[in-house]
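The structure appears below as structure tokens.
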Amino acid sequence: MERSESKNKSICPSPELSAYLDGELSPDDEMKLELHLSGCRLCTNDLNLQKNFLNALDYSLEGEGEIDLPKHFTKSVIANAESRVSGLRRPHERRNAALICVALIAFSLVGLGSNAGKGFVATASIAEKVFALVAAAGHLVYDVALGFAIIFRSLTSTFLFDSGATVLVFLALAVLSLYLFSRLVVRLHRT
């Protein structure tokens, strides 16, 4: 008897039991499962266990009633979770990563041997060029901002903002200059 039940267990449609309880089966599949349940004690017991669990769950939730959540509960939970992502790491993980990097650099220097000096010179040359490029970009941004401030200051001192037309002309010029500057930046970025 146990041997036949173990054979049935391997072919029993136990995954369909939850779909049956949820009412998600087609009428044909539902009929097939009910016919199977009439002859299979294991599936009938499994179905009864699932029904008892769902009834107990419903009963436990009925006593408490509806839980009123604050208005922006989801947003506050998400914001709190995003702000604490760094808390998932171990406290000394950054220190360990820095020590590993230093050890790798030391091993690579030992591996390079007498050619290590040439590697430092090449690295320093590349770093110098990158710093010069970043400094030039910083100066460009500073000069554009300074020029815009000077133009804005001179326009505000000569124009009187009593009429709406002068304000609209000024805003149109500001938007046009920002658009042209963004096109210039995009063109420089492509080259």
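The values are calculated or read from the model by the stated rules, or taken from the named source; none is laboratory data. These figures come from a predicted structure and were not determined experimentally. When we count neighbours, we look across all protein chains shown, and the Cβ atoms used for this are built from the backbone with ideal geometry, even at glycine. Heads up: the accessible areas ignore ligands, DNA and RNA and are worked out on the full protein's heavy atoms, side chains in. Shrake-Rupley method; radii C 1.70, N 1.55, O 1.52, S 1.80 Å.
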**Report entry** Selection within the range 150-173 - modelled with pLDDT under 85, of a type outside the set (Val, Ile, Thr) and either in a helix (DSSP H, G or I) or closer than 24 Å to Ala137 by Cβ (or both)
**Finding:** Phe152, Arg153, Ser154, Leu155, Ser157, Gly164, Ala165, Leu168, Phe170, Leu171
Query raised in the report: Based on what the data block shows, is Phe120 aromatic (Phe, Trp, Tyr), modelled with pLDDT under 90 and at negative phi?
Result: yes
Query - Matching residues, the range 39-70, being at pLDDT 80 or above and open to solvent by 100 Å² or more (accessible area, probe 1.4 Å) - result: Arg41, Leu49, Phe53
